[in-house]
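What follows is a short report on a single structure.
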Amino acid sequence: MAATDAFIGLGSNMAEPSAQLAGAVARLAALPKTELVAQSAFYRSRPVGPQDQPDFVNGAAWLRTELTPLDLLDQLQAIELAHGRERIQRWGPRTLDLDLLLYGNEAIISDRLTVPHAELANRDFVLQPLLDLDPERVLPDGRSLADLRQQCPDNNLQQLTPVARTLPPG
Ligand code: ROI
């Protein structure tokens, strides 16, 4: 099977968020049939949703994978569990959230998965890390990440780390 470029959103606002994200990137890099192409900068962002919770740290990882979307989703959920994720409160604090944002140029709607991620266009803490990784990227419906970023609400992103590429371009 040919490899597909997949983009994973990372978020945490509990138990040393930056360390949670760094650990998650290491686990993503170790997934079967998968290479880590690059990781975005990490950003501090104000919470969307309930405000009575800590700021988040957000980022994204660019994978090149031969896993199917659902196999990749299973792997993401296993990593979340390994990081002690408990689904207590909708839109509440979490140790680690991994979202399958983009899978090649595919549009997927199933009971377990919506790709591109439903909230992608509305969240600067998702769009900016994606732009770090692939500034030319266009969604399956033809909208560019750059245009969406200009139009979306501002969550006061503050860059914490640099962008890091691990594979040569191509
Ligand atoms: N807010 C920010 N800033 N970052 C997130 O990753 C995030 N994730 C969530 C909710 C609670 C909606 N708010 C968020 O799930």
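Computed from the coordinates by the stated procedures, all read-outs in this text should not be read as laboratory data. Owing to the predicted nature of the structure, the values given are computational and were not obtained by experimental measurement. In this analysis, Cβ positions are derived from the backbone assuming ideal geometry, glycine residues included, and neighbour counts consider all displayed protein chains.
Data for the structure
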| item | result |
| --- | --- |
| Complete set of residues in the stretch 1-24 that are part of a strand (DSSP E or B) and among the polar types (S, T, N, Q) | T4, S12 |
| Every pair of residues 6+ apart whose Cβ atoms lie under 7 Å, when the first sits in the stretch 138-163 and is part of a strand (DSSP E or B) while the second is of a type in the set (K, R) | Q158/R44 |
| Selection count, the stretch 62-102, where residues are free of Cβ contacts under 8 Å to residues at least 60 places away in the same chain, of a type in the set (A, V, I, L, M) and within 16 Å of the ligand (Cβ to nearest atom) | 2 |
| Complete set of residues in the stretch 1-25 that are of a type in the set (G, A, S) and within 12 Å of the ligand (Cβ to nearest atom) | G9, G11, S12 |
| Checklist (1) touching a Phe, Trp or Tyr at 6+ places or on another chain (Cβ under 7 Å); (2) within 11 Å of the ligand (Cβ to nearest atom) applied to L133, failing item | (2) |
| Residue tally, condition within 22 Å of L133 (Cβ to Cβ) and basic (K, R), over the stretch 47-90 | 1 |
